[in-house]
Amino acid sequence: MARLPDRIVECGCSICAKLGVQWAYYAPSDVHLGGATDTYVCNNRVIAFHRCRTCGCLSHWATLGTDYGRMGVNARLFDGVDLSRIEVRVIAGPGSEAFE
């Protein structure tokens, strides 16, 4: 990624809350991923979560089927970045207005 995000999102859905990730959104064409990943596809079959086969960290999510023009990259994995300097948007989870 050539730039840091303007803000990151802390999603309150069941999987994101349990994993403690904060998402930075990028166009897929702006992200270069190296190395093999394993995937987990949620029940709704809309996105696939990817984790690094080497260290096991959740690296990103990508959409399945429909192209929404963005993907989520786990900002907590950014080396040398002070995330406290980036605005955080907290989304409560399914059923909340901001989640829709």
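Details
- Among the residues making up the range 1-35, those that are free of Cβ contacts under 8 Å to residues at least 12 places away in the same chain and assigned to a helix (DSSP H, G or I) are Cys16, Lys18, Ser29.
- Any chance Val73 is surrounded by 13 or more Cβ atoms within 10 Å (Cβ to Cβ) and out of contact with any strand residue (DSSP E or B) (no Cβ under 9 Å at 6 or more places or on another chain): no
- Total residues in the range 38-54 satisfying the condition of being within 12 Å of Asn74 (Cβ to Cβ) and not aromatic (Phe, Trp, Tyr): the figure is 3.
- Those residues of the range 36-74 which are among the polar types (S, T, N, Q), within 21 Å of Glu10 (Cβ to Cβ) and outside any loop (DSSP other than H, G, I, E, B), in sequence order: Ser59, Thr63, Asn74
- Taking (1) surrounded by 11 or more Cβ atoms within 10 Å (Cβ to Cβ); (2) among the β-branched types (Val, Ile, Thr); (3) farther than 22 Å from Arg89 by Cα in turn, Thr54 satisfies each apart from (1).
- Screening the range 12-35 for residues that are farther than 19 Å from Asp67 by Cβ and within 9 Å of the chain's Cα centre (by Cα) and picking the one that is modelled with the lowest pLDDT gives Cys16.
The values are calculated or read from the model by the stated rules, or taken from the named source; none is laboratory data. Being a predicted model, the structure only gives us computed values, none of them experimental. Counting neighbours? That spans all protein chains shown, and the Cβs are built from the backbone with ideal geometry, glycine included.
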